[in-house]
1. Given a Förster distance of 41 angstrom, what is the FRET efficiency for Ser95 paired with His74, based on the Cβ-Cβ distance and rounded to 0.05?
2. Largest first, what is the accessible-area ranking of Glu104, Glu36 with a 1.4 Å probe?
3. With the crude spin-label approximation of a point 7 Å out along Cα→Cβ, what separation in nm comes out for Ser57 versus Asp38?
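The values are calculated or read from the model by the stated rules, or taken from the named source; none is laboratory data. Predicted, not measured: the structure shown is a model, and the values here were computed from it. We place every Cβ from the backbone using ideal geometry, glycine too, and count neighbours over all the protein chains shown. We work out accessible area using only protein heavy atoms, side chains counted, and drop any ligands, DNA or RNA first. Shrake-Rupley method; radii C 1.70, N 1.55, O 1.52, S 1.80 Å.
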Amino acid sequence: MPLNRWNPSDALARIESEVDHAASHAHSASVNTSTEGDDLVITVDGVDPSDVDVQVSGGRLTIKGGGGTSTSEHRSEGGATFSSSSSSSSSFSRSFSLPDGVTESDVSTTPSANGVTVRIHNAA
């Protein structure tokens, strides 16, 4: 088996490639608010609805979520086997002050195609 010297330029190029690959698979959640009649509507896109937690406590609405991906790759080259793995994760948390009198029963959450929609009834 031939002895190969470590080449820092090649190593740096490989690391940059792996970081670029991981960054291209990362995502972030977007949060938009609007009103519909007397309701305040908060739409969270870019998340898996099963990873979202909505809580009402102390006059505040808190929406938390997270998710992630992982990949691994194995390849052989010149008689050597290389393995690499990467993972990315993202999480978010947004809190909103609620108007006086709004209770947990005034808040409803429904999954959407790209996330969740939180409706606060009679809050606008």
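1. Details: r = 43 Å, r/R0 = 1.05.
So, using R0 = 41 Å, E works out to roughly 0.40.
2. Details: Glu104 130, Glu36 95 Å².
Ranking Glu104, Glu36 by accessible area, largest first, yields Glu104, Glu36.
3. 2.9
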